[in-house]
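Below is one structure, written out as structure tokens; comments come after it.
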Amino acid sequence: MRALMLTAAAALVAGCSSPVAPSGSTAAQETAGRVAGPPQSCVSTFTQENLRVLDSGTVAYGHGRTIYVNTMGAACPGMEPLATLIVEPGLPGRYCRGDHVRGREYGASIPGPTCNLGDWVPYRLP
């Protein structure tokens, strides 16, 4: 009986902890060897860079020494790694928390529902 209660308590605690990206996930691959910085509400855009879908609730931006990762509050239907990402930014030259994004699945003509960006977490090479 005591073992059953301990198992239930461990499962409850594990359910409350922060999710950890699986080692084989795209987000883990993008941020491997990098150090996370404090979240930012906006990042500057560059004409040669595009947002890229890591999974249905996560996008990344940037390359080289710094990659910014944005985890939305929930999965966004239509967002998958080969999807076209449609962004409706609020401020010119910036992607900010609250900006609208929509995914259009590969081969589809109608984009998915609007989702909101969250904070941007910079991952920098040490």
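The values are calculated or read from the model by the stated rules, or taken from the named source; none is laboratory data. What you see is a predicted model, and the numbers here were worked out from it, not measured in a lab. Cβ coordinates were reconstructed from backbone atoms using ideal geometry, including for glycine residues, and neighbour counts include every protein chain displayed.
A count restricted to segment 44-96 and to residues that are assigned to a strand (DSSP E or B) and not β-branched (Val, Ile, Thr) stands at 13. Of all residues in segment 52-78, those being modelled with pLDDT of 85 or more and surrounded by 16 or more Cβ atoms within 10 Å (Cβ to Cβ) number 18.
So, Gly118, is that one modelled with pLDDT of 90 or more and crowded, with 17+ Cβ neighbours inside 10 Å or not? Yes, satisfied. The set of residues in segment 79-115 that are hydroxyl-bearing (Ser, Thr, Tyr) and surrounded by fewer than 19 Cβ atoms within 10 Å (Cβ to Cβ) comprises Thr84, Tyr106, Ser109, Thr114.
When segment 97-120 is filtered for residues that are touching a residue at least 12 places away in the same chain (Cβ under 8 Å), assigned to a loop (DSSP other than H, G, I, E, B) and more than 14 Å from the chain's Cα centre (by Cα), the ones remaining, listed by number, are Glu105, Tyr106, Ala108, Pro111, Gly112, Pro113, Thr114. Scanning segment 25-65 for residues that are among the polar types (S, T, N, Q), more than 10 Å from Tyr123 (Cα to Cα) and in contact (Cβ under 8 Å) with a residue 60 or more places away in the chain yields Gln40, Ser41. When residues in segment 83-96 are screened for being under 26 Å from Arg34 (Cα atoms) and more than 17 Å from the chain's Cα centre (by Cα), 1 of them pass.
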